[in-house]
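The values are calculated or read from the model by the stated rules, or taken from the named source; none is laboratory data. These figures come from a predicted structure and were not determined experimentally. Cβ atoms come from the backbone with ideal geometry, glycine included; neighbour counts cover every protein chain shown.
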There are 2 protein chains.
Amino acid sequence: MRWRDIGDLPCSVARALSVVGDRWTLLVLRDAFLGVRRFGDFHADLGTSRHRLADRLHKLVEHGVLARVPYAERPRRFEYRLTEKGRDLYPVVVSLTRWGDRWMAGRDGPPIELVHRGCGRRIMPTLACPECGEGVGARDMQVRPGRALRKKAPAWRPTEELR
Amino acid sequence: MRWRDIGDLPCSVARALSVVGDRWTLLVLRDAFLGVRRFGDFHADLGTSRHRLADRLHKLVEHGVLARVPYAERPRRFEYRLTEKGRDLYPVVVSLTRWGDRWMAGRDGPPIELVHRGCGRRIMPTLACPECGEGVGARDMQVRPGRALRKKAPAWRPTEELR
DNA sequence: TTGACTCAGTTCTAATTTGGAACCTATTGT
DNA sequence: ACAATAGGTTCCAAATTAGAACTGAGTCAA
């Protein structure tokens, strides 16, 4: 299977990765969440090749994750801003941050800290059930096929327990 | 900058991606969260080359995300199970699922559904503040440099607002 | 005891993707 | 006129990937 075909699989992870699963793309988004907007700033911060960067930015614009909006005429210049679709990737970036903080940090601790504007405390957001509010981990959730999958692959059954 | 060096950056996202940012790796983990454990099952489900798959599995074992545990002697056979470090990637996989469900699903809706064992409801976990319990998005959080970063790059300042 | 089969890989080659340097275009500042 | 700034594009060598074929240890059935 070719990587470019993963977006066609009946799997939301695969479809999401077909947009953000390329090398550098999630780091571009990390920068975007830190407020970076211009080609030169992304380039300086990421250290990737201008070629790849231009490619990634344009692909994210195509997918509606970033918007290319002019910020100057003569010469015409554009910047890249997160759309609603793009901002909705925040949980992905934060979850990677949380995991990196926990398992990959040096002994000086996490490189950045987050403060919740709502309550003013320094926290790292975690996954919770939006109905009952409890924090959830892999073992608290049970998987079952949705309508789309029952149609396409009626035989598929997830394992019941994650041990 | 070479991809193999991103793990050395003072950024938890970059460090996390140095482990799980390779093509197929997050799909291997998705399968693992669905209960897949054996080489042949990963291969059948993912459709990636055996070569890449073997590589990714061994790399994840090296990083302690999966454990290679024997399930048969004569012939010796191994399966790959999530460790605690691996299970802690659940928020990343769920966040990708949530985004894929919301922005990339076909008209039959999401391929799979999740049920919270705690309250029995069909939900999709979301990000919340572990202190006050409120749901959080990109605009609810403020960024500031941590100790590790103040040491290495004292001049760095994140933008205050995400507009 | 031979031959088919299973599982978990490894090896090989061609095709694709990436990284890095150099170049291009439009405009402003000196 | 000339350098500087911003945002790219072009080119090529090097690295990575996909897919098919092969390996090796052991089981099973005739």
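Which pairs do you get when a residue that is among the basic types (K, R), found in the stretch B:41-63, comes within reach of a residue that is outside any helix (DSSP H, G or I) and more than 11 Å from DNA strand C (Cβ to nearest atom), reach meaning Cβ atoms under 7 angstrom, with the pair 6+ apart or on two chains?
B:R52/B:W24; B:R56/B:W24
For residues that are under 11 Å from A:G100 (Cβ atoms) and either more than 13 Å from DNA strand C (Cβ to nearest atom) or assigned by TED's automatic domain parsing to the domain that holds B:V93 (or both), scanning just the stretch B:10-41, find the one that is nearest to the chain's Cα centre (by Cα).
B:V20
Across the stretch B:64-82, what is the total count of residues that are under 13 Å from the mean Cα position of the chain (by Cα) and either away from DNA strand C (no atom under 11 Å from the Cβ) or not assigned by TED's automatic domain parsing to the domain that holds B:R37 (or both)?
Summing the residues that are under 13 Å from the mean Cα position of the chain (by Cα) and either away from DNA strand C (no atom under 11 Å from the Cβ) or not assigned by TED's automatic domain parsing to the domain that holds B:R37 (or both) in the stretch B:64-82 gives 2.
Go through the stretch B:1-33 and count every residue that is farther than 24 Å from B:L53 by Cβ and more than 11 Å from DNA strand D (Cβ to nearest atom). Step through it out loud before you land on a result.
Initially, the stretch B:1-33 is screened for residues farther than 24 Å from B:L53 by Cβ, giving B:1, B:5, B:8-14.
From what's left, more than 11 Å from DNA strand D (Cβ to nearest atom): B:1, B:8-14.
Number satisfying all stated conditions: 8.
With respect to the numbered conditions (1) more than 12 Å from DNA strand D (Cβ to nearest atom); (2) within 22 Å of B:R23 (Cβ to Cβ); (3) buried (at least 20 other Cβ atoms within 10 Å of the Cβ), which one is the sole condition not fulfilled by A:E62?
(3)
In the stretch B:88-114, how many are touching a Gly at 6+ places or on another chain (Cβ under 7 Å) and within 15 Å of A:A128 (Cα to Cα)?
Number of matching residues: 1.
(1) within 17 Å of B:R87 (Cα to Cα); (2) more than 8 Å from DNA strand C (Cβ to nearest atom): which one isn't true of B:A44, the others all being true?
(1)
Output yes when any residue across the stretch A:132-146 is over 22 Å from B:G109 (Cα atoms), facing chain B (nearest Cβ under 7 Å) and part of a helix (DSSP H, G or I), and no when none is.
yes
Considering A:G86, A:G106, which residue is modelled with pLDDT under 95, more than 14 Å from DNA strand C (Cβ to nearest atom) and touching a helix residue (DSSP H, G or I) at 6+ places or on another chain (Cβ under 8 Å)?
One residue alone meets the criteria, A:G106.
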